[in-house]
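The values are calculated or read from the model by the stated rules, or taken from the named source; none is laboratory data. None of the values given here were measured: they were computed from a predicted structure. So basically every Cβ, Gly included, is an ideal-geometry build from the backbone, and we count neighbours across all protein chains shown. Surface accessibility is based on the protein's heavy atoms, side chains included, excluding ligands, DNA and RNA. Shrake-Rupley method; radii C 1.70, N 1.55, O 1.52, S 1.80 Å.
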Amino acid sequence: QLAESGGGLVQTGGSLRISCAASTLRFSAYTMAWFRQATRKEREFVAAIRHSDNNTVYGNSVKSRFTITRDNAANTVYLQMNNLGPEDTAIYYCAADEYGVRSVLRRMYDSWGQGTQVTVSS
C-alpha cells in the first residue's frame, strides 16, 4: 500500500514537499514514481527514481524545478517541488514498480496511492 501526504495550497513561486509512505518490507526493490492529474487532463508522468541505483528521470515540464528522492530506511519517497505555478495544480499520485527500470509509462506501475491534492494559487 502507498499513502501520499503533504499536499496543500501554496502561492505561485512557492515550494512544497510531498511524501509517499509504502507499507512493504521490500521497499528497496521498488522503483518509485510520481504522476499527476489535473482536472480534465490525462495523468502525466512527473518523476521516477530507480530501485537499484537511485537514478532519476523527470518529465519535461518539471525538470530543474522538482526533485525526487527516497529513504529506504523509512520506506518513503519524496517529491520536492520548487518555483510552483498554477500549471502544477493537480492530484499527485505515488506509484511503484517492483524491480522497475524507471519507466515514464503509467502501465509499468502496478501499485498506486490515492493521491494528494496540490493547489497553486496565482
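Output the number of residues of region 7-27 satisfying the condition of being polar (S, T, N, Q) and more than 15 Å from the chain's Cα centre (by Cα).
Here is the first cut: in region 7-27, the ones polar (S, T, N, Q) are 11-12, 15, 19, 23-24.
With the extra rule that they be more than 15 Å from the chain's Cα centre (by Cα), the set shrinks to 11-12, 23-24.
Adding up the residues that qualify gives 4.
Among residues that are under 19 Å from residue 6 (Cβ atoms), among the small types (Gly, Ala, Ser) and without any contact (Cβ under 8 Å) to a residue 60 or more places away in the chain, residue 38 is included. Please state which one of 110, 97 is surrounded by fewer than 18 Cβ atoms within 10 Å (Cβ to Cβ) and either under 21 Å from residue 1 (Cβ atoms) or without any contact (Cβ under 8 Å) to a residue 12 or more places away in the chain (or both). Of the residues listed, the single one that is surrounded by fewer than 18 Cβ atoms within 10 Å (Cβ to Cβ) and either under 21 Å from residue 1 (Cβ atoms) or without any contact (Cβ under 8 Å) to a residue 12 or more places away in the chain (or both) is 110.
Here is a check on your reading of the model: is residue 102 open to solvent by less than 70 Å² (accessible area, probe 1.4 Å) and on the phi > 0 side of the Ramachandran plot?
The answer is yes for residue 102.
If the condition is being at pLDDT below 95 and of a type in the set (Gly, Ala, Ser), then region 74-110 contributes 100, 103.
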